Structure formats: structure tokens, C-alpha cells
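This report concerns only the one structure given below.
Read the figures in this text as sums done on the coordinates, not as results from a lab. No experiment lies behind these values; they were computed from the predicted model shown. Every residue, glycine among them, receives a Cβ derived from its backbone with ideal geometry; neighbour counts consider all protein chains shown.
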Amino acid sequence: MLREDRPNKVQPVEARSDAVGTAESRAARFTFVQRVLREAGIGIALLLMIFVFASLAPHFTDESNITNILTQVTINLIMATGMTFVILIGGIDLSVGSILAFAAMVAGLVLKSETLPVPAAIALAVLTSITVGMVCGLVNGFIVSFWSVPSFIVTLGMLNVARGAALEVTNARTLFEFPNEFNAFGTATFLGAPAIFLVALVLVAIGWAVLTRTVFGRLIYAIGNNEEAVRLSGHNTFFYKVAVFVISGLTVGIGAIVYMARLTIASPILGSGFELNAIAAVIIGGTSLNGGRGSLIGTFLGACLIGVLADGLILMGVGDFVRQMITGGVIILAVIVDSYRAKLAERTR
Amino acid sequence: MPLNSKPDALLLELKGLTKRFPGVVALNAVDLSLAPGEIHALVGENGAGKSTLIKLLCGSYVPDAGEMQFDGAPYRPESPLDALKAGIRVVYQEFSLLPYLSVAENLLFDSLPRRYGLLVDYRKLHERARALLERVGLDVDPQTPVEHLGVAQCQLLEIGKALSFASRLLILDEPTATLTPREIGRLFGIIRDLRASGVTVIYVSHHLNEIFDLCDAVTVLRNGRRMVSLPVAATSPPEIVHLMVGRELEAALATHRTAAEPAPGPAALRVQDLRFRGNPHGISFTLCYGEIVGLAGLVGSGRTETLRAIFGADFRDGGEIYRHERRVRFDNPRDAVKHGVCLLTENRKEEGLVLPMPVRVNVTLTDLSRISQGGLLNARTEKTIAQKWVAELDMRIASLEQAAINLSGGNQQKLVMAKWLFRNAEVLMLDEPTRGIDVGAKAEIQDLLRRLAAAGKSILVVSSEVPELVALCDRILVLWRGQLAGEVQRQEATEERILSLACGESIAGAGAPSRNINEGHSHAQGRSPE
């Protein structure tokens, strides 16, 4: 449309083509190296850790231990997947642990229903758990976006509300004696790996595809970087800001089912502190707490790193308390590395 | 006369200073010598390396090669603190004020007067602040919180802040962009006083008339290289422009529309009694296809507010908007964009672009449906489209993956235009599209607007540079305190006429504006040869 009417083009494109060509390849190479470094840093740390534990910790490489690690990582990985969406848009969700307990209690009641045939009860329980999670997420997201309140405060409130609700559902009783078919899922293996871990892997894969390959994911990143610019470009930012909390709730609902199947019980005190593990996995994975930068692959590696670290330290006979201190140190270290990386990016601008 | 005991010794000497960034050499073996008590102008297009040079001097960047000598000793600043200690002070284009603290606290933040070593001595603080305010000619109460000040007042405050500190080298980066002629005159007086007391000043500006008025010498940078350093007396504005741009600017500017102008097309957008928030007056006007309409007015007259209210970016108190003579509701930017109306805001960095993301992403941000099927992005289509717009607008970038933050001001502005042209916007509202952009890029943007109008777009431009509006627009609407003071056709458009309307002379008679006039001084560049 424009090209025909431009006799006075200030400088022809062709005149600069060589200069641009070399500069382009250099810049492209640089961003590639940068990207590899960003994701590889945590991967290298994980490999190093595995190598150290494999040579120092007894039985670390046993098949049963590897299965154990994968099982331990599963719940955190599921929760951290949803958390990545929330943090990428510049928010935080502190309520995931409590919502997990609430969803588990409601789903537990459905599972124990005597009027329903077992398969129907299980299907309904899964549906219920996911619904509870998503509704809590919707409430979080709506309040955060509609009144523009910090998600930190809103989800801190929800942390208490959902925990109270979880206790209220059964009056603080623990539910157990679920159908055997349901409990079997918690220990089932598929192709040699725990089935529940595969559930987590599928979730991560779907989440990764959504974030990197869809319009939805593109806008999550864009809003995380500059919400006002996205709004002024004609997008409904409200929708996306609510949606990430609903996604977080969805993963919590799935996490509740998986966790119940593994433990074969549902207790209202389930999942306390899970929010911090999930946030730690996301941060160690290199996602910026300011939003807009990071990836689910990083989160996956971050969750694995936390799991491997905990398991390896146990095998080496490190006590519970010291283990907690070390895990905390790793989180702080990850944030320091991230800030160093950000500074490096600024310097090379 | 300089007080320095060694009058012929240099204050600052740069040798082969080089700074590389991925894909570009921002500063390439630059030499520069500054004598004590010299006012030295630094000019060049955006991206020429001025900011990089300043950041090297003040310790924000570390050079890749080259040496700096300050006051006869090697100077290697590792941080801005080192620069401050050496006596180098910078007044940046972007303000570094603390909005919730008072004017006085901001002025003397680095050296608050104390009592008993702990408590702030507010009496002394306000006394000193008042003296500094008087010196820069800023008439505000030292206790006012900075958030209540206008842009021009903030600029004067920044200058006052720099004066609170006895520096050897003062670097001023575009200090006059928001000031009125009277304030500029006073600023020049202050700078000359500083020169008389031996302070060296580096003066960065796009306005050549200021440089020839004020400075002793001028250094021209282009593409990271020093083209020349000359005494001002030995050169002329056309020569400097030629050195900066490296091509004849006249060729770019000569594309001004010919007399045989086609009549404007049908009405594209009509605004009826629009009242932006807090404005009791209604504003009405019509935009037609194929014409460029200017919106002039003083700072605070409601130009930006009008555009934002039409676009739905801010709430309105009332008014109707008609698109193709059909009533439409623009409750938010989404509605406006859906109807082919777009706004390029005055802050392209904060509101126009997603700075950390690649050029490619910024181009396609306005209409992701066209680069996706069923919500899935098509990377190849996106790349092709982005490539097309980069070429179409002649953007100079290293790669489509380059983050928008690394582009020069002119290229960023083109990027914002690209994203709206990609969206097929038919009505383009632009707020200060050429602010902070160098001469060459400015001409290109103006040229682009003309071509867009010729291609049938309807364009509304807000600009503080009246000569630019006169050269660019078919007609100019003038705002005064939230009301339409008048409309000037192209044939009768002169700076004097527009300014008199903007000062409210047609409405209030004696209504002398209390707000700042920032359109008063003429600009040596950006003015059409007309």
C-alpha cells in the first residue's frame, strides 16, 4: 500500500544490506548463546548435583531411589506449572497449598460416597477437585484484577480462607479408606516411571506449548513485561490476569487428586508450605519475580533440582533441619544468580 | 576567566574511547579534549553515541578500550559514585526525582543539612532550597511534593539539584526540551556564570540555535565515531547538520506536499462535545480521510488528554464519537482499535512498546489473530510480516530478534507505527511523534505521515513544535485550557497565529496563561523549508 507512493525514500534498503547482514548474524548468535546459557545454567547445576550425589550418596542411583525422587518431585512440579503462569504475568499465588487441602477434602467426600459406583465416584472426584481449584483461582484472579490489589495480599487471604474451608468440610477429620482402584493409581507405574510423574510431565509439556506456541502465552509474556502497552494495543488484559490464577487453581486441583492417590488419605492439613516449594522451583528455574521473563523448562529443572537435593541429602544422612537450611540457601543463591544475569544483560546492552 | 591555576591544562581528555554492544560498536575510538571553563556541545543523531559517551563518563558503563584523563590524572570510573567524587555531575533527560518527597528534600538529597548529626535541619534545608530555586527561576514552595510539579518545573529542579553540588564538569542532556524561552534564557545565564567560575559544561542538544547561542565548541558524533570537533565560531548550522546526518536533509524535507492537493476524503471520525476527565468544556471536531490535522496548545491545555479520551485509554466525563457518521462507543482501547482507531502515545517506551521483547513481537502485538490459526502462533508468518514492516518503514535494526529497548528513539517510533499499520489502523492519533528523535529520523517520520495521508489514512498529530505542525498539517486545531480556541487552515497557518490562539487571545482577551509555554522558541531543525 505504501510502497508505490514513496518516491523520496530517504535511504534505500539495499544500500545497507551488507552491514545489516553481518550485524544480524552476530546478534542472532548472541541471543542464541544467551538463551542456551539461561536455560543451561540450571541444567548444568542439576547434572553436577546428580553426579556428586551419584558418587557420594549410597544407593542414590538405585532404581527404587530414582522412582522415589520422581514421586517426590511430582506434586511440586504440578503446582509449580500453574505458579509459573502467575509469576510470568508478574503476580504470585500463596494460596495453592491451602486450596490443595480444600480441593482434596471435597473430592475425598465424593470418593467415599456410597451411592455412586466406583468409576463414577472417581471421575466425579477428579472433576470436583479441579472445579474447586479453578473456582478458588477465579476468585483470586478476579479480586486481584478488578480492584487492582497486589496478588500477594489477596492470595495470602485466600490461603487462610481455603485452609479454614478445608477444616470446616469434615470438621477437621481426616478421610481415608478410598476405593482400591483410586489408591492403586498413586503407586502405578507406566513404562517404568511412576504414573503420577507422567501426569506431571504431560502438564508441563502442555503448559510449555501454551506459553511458547500460542497467542495466549505470547500475551502472558507481553503483559508481564508491560501491561499498559498491551492494554493500549487493544487487548483485554483483565482476561489474562484472571486466567493465570484459574490455571494455577486447575493445576492445584489435579495436584490434589494425585497427592490423595499417593497418600491414600485426605487431610485438611495437607499441603501447608507447598506454595513456597512451588515458588522456589519457579525462581530456581530462572523465572523473574517481576514477570515477563522465564520458562516452564526452567521450572521443570528447578523442581527436579529441589527433589534431587532433598533426596541426596537424606541418603547422605544429613538431618532434617540442616536439609531445610541448605534448601533455603539454594533458593537465595538462585535469586543472586538471577540478579547477576539481569545485570549482565543490562551491561551488554 | 577560569580560576584554574594551569589555564592551558585540559580538564578532560579522551583517547580512543570504544564501547561495543552485541551487534554494534556504540562508540568507536573517540577522542575528545575539554578545557576548563569551556561549554562544549555534543551533537549527533539518536544512536550516534552521545548517551553512551555520557554513560562512560559517569561510570554507568565501562569502556572496552581507550583511556580517560580527568584533571591530569587517569580516570577510570567503576560506578556513578566515582564520577560524583571526581566532580562530574550529569543532568539526564529522564528525571531522577523522588515524587513523594518535597522539592527541598529532592534538591538537597545528597547533602541534607543535619542537626545533632541525626535530625534533618528543615529550617536550613528550606533556606538553602529557596536560594537554589531562585537561582534557577523556579517559583514553587520548597515544601511542595514533587509529584505536583509539571514537566518543565521538574527539569528546572533537576538543574537546581546539579547546582547544589560544586562540580568540575557538568553534563546537561537535552535540558531545554520542556522549557519556555524565558526559562531557557535564564538557564543559559546560569551556564555562562558557571563557565566564568571555571566549570566545564558538556551540552547535549538537538537544537542547533541553542548551541550556536551558548557554546564555545561543538563535537559531532555519527555512528559512534567523532566526525569533528570545532570552535562554534568556525562553523555553521548547515555544516553541522550535514556532518550529523551524513546526507542532505533538504532532500528529505523537500517531500512537502505540492500545491495540487487532492481535497480531503469523507469523514473518518467525528467527536462531539467530548469532555475529558475534569474538563467542563466540550470539544468537537471532525477528521477526514487523507488529511493530517494538527492539535496545538500549551502544556496543560488538554492535548494529550483529548487523544486519550477519544481512544478510551482514560475515562471521559461526556461526549459522543462518530465513526463514518455512525455513533460508536469507545469504552476502552479495545473498542477503538476494533474500529480502526489507534493512539501512539507520547511515551513510546512506557506505553507504546514491550521494550524487553523482540522487534518481531512488538510489530505483531496489535493483531495476533493474523499470525495464528486456532490460537497457535505461526512463527514463519510472523517473521515474514515483521520483515515486511521493517523494510516498509526503513527501520535500522540488527535482527528481528533484537529487543526493542536496544533501538534508537527514531527506530522505536517507527516500530510503534509499524504495529499500528500492521493492524490496518485507519485513523492514527499521534502524540508528540517526533519528540526526542534526531533530525534525520524526524524528517523520515514526517515524510511517512505524509505518505500515509496520501494513501488515505486520517491523521491527528499533537506536537509542541509549532513549526513542525505548520509544515505538516492541512489544518491545525488549537486548544486553550481544555477548549477549542480555534482552527487554522494550512494557507493561513503561521507560528504567530497559532501561538496567539494557544495563549487564549481569541477567547479570553487578557487571559494570560499561567502554564508553561513550551512552543515559543523556534527550532533550527525539523522546520520545513517552506
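Residue A:264 sits among other residues whose Cβ lies under 14 Å from its own Cβ, and their net charge, with Lys and Arg +1 and Asp and Glu -1, is 0. Charges were assigned to the Cβ only: +1 to each Lys and Arg, -1 to each Asp and Glu. The resulting dipole of region B:356-425 about its Cα centre is roughly 60 debye.
Would you mind telling me the antiparallel percentage of the DSSP bridges in chain B, rounded to 5? Just about 55 percent of them are antiparallel.
Only the Cβ atoms of Lys and Arg (+1) and of Asp and Glu (-1) were treated as charged; on that basis the dipole of region B:12-248 about its Cα centre amounts to roughly 400 debye. Among B:62, A:308, A:86, B:220, the order by Cβ neighbours within 10 angstrom, fewest to most, reads B:62, A:308, B:220, A:86. If you wrap region B:6-128 in the convex hull of its Cα atoms and look at it from every side, the mean projected area works out to 10.7 nm². Quick one: of the DSSP bridges fully inside the protein assembly as shown, what percent are antiparallel, nearest 5? Percentage antiparallel, nearest 5: 60.
Just to be sure I understand: of the beta bridges DSSP finds with both ends in region B:12-248, what percent are antiparallel, rounded to 5?
Numbers: 23 of 40 bridges.
Approximately 60 percent, going by the DSSP bridge assignments.
If you plug the beta carbon distance of residue A:276 and residue A:127 into 1/(1 + (r/R0)^6) with R0 = 30 Å, you get a FRET efficiency near 0.55. Ordering A:292-298, A:236-242 by mean Cβ neighbour count within 10 Å, with the highest value first, yields A:292-298, A:236-242. Between the alpha-carbon centres of region A:150-216 and region B:220-234 there is a gap of 65 Å. The relative contact order of region A:119-251, computed from alpha carbon pairs under 8 Å that lie at least 6 residues apart in sequence, is 47 percent. Loop-located GluC sites (Glu not before Pro) in region B:299-342 (DSSP state other than H, G, I, E, B) with a sparse environment of at most 13 neighbouring Cβ atoms within 10 Å: B:325. Principal axis extents of the Cα atoms in chain A, from largest to smallest and rounded to whole angstrom, are 82, 51, 36. Over chain B, the reciprocal of the mean inverse Cα-Cα separation, the Kirkwood hydrodynamic radius, stands at 24.9 Å.
Cα-based Rg of region B:356-425 per 2.2 N^0.38 Å, rounded to two decimals? Dividing the Cα Rg of region B:356-425 by 2.2 N^0.38 Å gives 1.02.
In this structure, residue B:193 and residue B:314 have a Cβ-Cβ separation that, at R0 = 56 Å, corresponds to a calculated FRET efficiency of about 0.85.
Within 10 Å of each Cβ of A:230-242, how many other protein chain Cβ atoms are there on average?
Per-residue shielding by partner chains comes out at 6.
Counting pairs of alpha carbon atoms under 8 Å apart in space and at least six apart in sequence, what relative contact order in percent does region B:12-248 give? Once normalised by length, the contact order is 28 percent. For chain A, the relative contact order comes to 31 percent (Cα pairs under 8 Å, sequence separation of at least 6). Applying a DSSP loop filter and a limit of 16 other Cβ atoms within 10 Å to the chymotrypsin sites (Phe, Trp or Tyr not before Pro) in region B:273-323 leaves B:315. Among the residues of B:340-350, the average count of other protein chain beta-carbon atoms within 10 Å of the residue beta-carbon is 2.
Estimated translational diffusion coefficient (Stokes-Einstein, Kirkwood radius over Cα pairs, 10 °C, 1.306 mPa s) of the protein assembly as shown: 52 µm² per second. By the rule of a C-alpha distance below 30 Å, with chain neighbours fewer than 8 residues away ignored, the lysines paired with residue B:442 are A:9, B:19, B:50, B:55, B:338, B:349, B:383, B:388, B:414, B:419, B:457.
Secondary-structure-derived ellipticity at 222 nm for the protein assembly as shown, considering helices only, amounts to -15500 deg cm²/dmol, per-run term -39500 (n - 2.57) for DSSP H runs with n ≥ 4. Inter-chain neighbour count for A:209-221: the average number of beta-carbon atoms from partner chains within 10 Å of each residue's beta-carbon is 4.
Filter chain A for me: DSSP H helices, axial length by Cα at least 30 angstrom, mean Kyte-Doolittle hydropathy not below 0.5. List them by residue number. Helices passing the filter in chain A: A:17-56, A:63-88, A:118-146, A:237-263, A:320-347. Here the dipole of the protein assembly as shown is about 760 debye; that uses its Cα centre as origin and unit charges on the Cβ of Lys and Arg (positive) and Asp and Glu (negative). In region B:12-248, one over the average inverse separation of all distinct C-alpha pairs is 18.7 Å, which is the Kirkwood hydrodynamic radius.
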